[in-house]
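Single-structure report; data block below.
The values are calculated or read from the model by the stated rules, or taken from the named source; none is laboratory data. Since we're looking at a predicted model, the values are computed, not measured. Glycine also receives a Cβ, built like all others from the backbone with ideal geometry; neighbour counts cover every protein chain displayed.
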Amino acid sequence: MPETKGYGQYCPIAVAAEVLAERWTPLVLRGLFCGATRFNDIQASVPRMSSALLSRRLRELEYANIIERRPAATGKGAEYHLTAAGRELFPVLDRMGAWAQKWLRREIVSHKNLDPDILMWELRRAALNAGRRIDRRRVVRFQLDGVPVAQRFYWLVFEPDDVDICLRDPGYEVDLWIASSLRTLVEVWLGHRSLTGAVEDGGLRLDGSRAEIEAFRDWFVLSHFAPAGALQSVASPDA
């Protein structure tokens, strides 16, 4: 790959920034850290990024020895996996996220940053990464307020070996209905407010059998950054 225009400095921060500070690159790495390996899944983590630009960023990361491209384990196509150098970047992004939870709290949940597609992708990845197997299909319908009409309803379909996101009714019987504003659900997901508190004050409404409502607390795995968000809530209740 041709050498890109750099800062012309020997400083290690400058050299690292030439690779990592390109637009979208940290978010592509976030998707990989969350477990995405196929192109479509990575792109689902950055829905506003074009396919062409994602392809370019993946090539740049491969050239920098941060990821490697392998034949897909199943089916056709390829997968992208972090190298040892790529895995060592996790603490860098982890500290960026924790720093934002502390110092950019209001900005994180500002209206311009609330994207229901990203939230559903993260909920799915978190559920998959948790590795909790179920013995039957479970269907959860989300109804979100404060979003465009086309993004008001989502279905998560839990299967014994996968979790799928549906933008249209998949036609299965629903086990649990969840209604909330997008902001409330994001705040709970990030640890800015407690799940119990959101349910008690009516910001998050659950409708289903008692068993399904109790199970919700098990599969609704919070963000990796939720502990930092909860700590900040305790330290600065008005933040």
Can you name the residue in segment 8-33 that is touching a Phe, Trp or Tyr at 6+ places or on another chain (Cβ under 8 Å) and surrounded by 15 or more Cβ atoms within 10 Å (Cβ to Cβ) and, of all such residues, is farthest from residue 95 (Cα to Cα)?
18
Inside segment 196-219, the number of residues satisfying the requirement of being closer than 25 Å to residue 105 by Cα and surrounded by fewer than 17 Cβ atoms within 10 Å (Cβ to Cβ) is 7
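Would you mind stating whether residue 88 is modelled with pLDDT of 95 or more, of a type in the set (Asp, Glu) and either touching a strand residue (DSSP E or B) at 6+ places or on another chain (Cβ under 6 Å) or surrounded by 12 or more Cβ atoms within 10 Å (Cβ to Cβ) (or both)? So that I can check it myself, show each step before the final result.
Values: modelled with pLDDT of 95 or more: yes; of a type in the set (Asp, Glu): yes; either touching a strand residue (DSSP E or B) at 6+ places or on another chain (Cβ under 6 Å) or surrounded by 12 or more Cβ atoms within 10 Å (Cβ to Cβ) (or both): no.
Answer is no for this residue.
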Out of (1) basic (Lys, Arg); (2) in a helix (DSSP H, G or I); (3) without any contact (Cβ under 8 Å) to a residue 40 or more places away in the chain, what's the single condition that is false for residue 76?
(2)
What tally of residues in segment 191-228 results from selecting those that are without any contact (Cβ under 8 Å) to a residue 24 or more places away in the chain and assigned to a helix (DSSP H, G or I)?
9
Exception for residue 61 within (1) touching a helix residue (DSSP H, G or I) at 6+ places or on another chain (Cβ under 8 Å); (2) of a type outside the set (Lys, Arg); (3) under 18 Å from residue 222 (Cα atoms) falls at (3)
Filter segment 34-59 for residues that are surrounded by fewer than 18 Cβ atoms within 10 Å (Cβ to Cβ) and charged (D, E, K, R); which is farthest from residue 117 (Cα to Cα)?
59
Residue that is surrounded by the most Cβ atoms within 10 Å (Cβ to Cβ), among those in segment 101-110 that are touching a residue at least 40 places away in the same chain (Cβ under 8 Å) and assigned to a helix (DSSP H, G or I):
101
Taking the options 190, 222, name whichever one is within 22 Å of residue 131 (Cα to Cα), among the aliphatic types (A, V, I, L, M) and surrounded by fewer than 19 Cβ atoms within 10 Å (Cβ to Cβ).
222
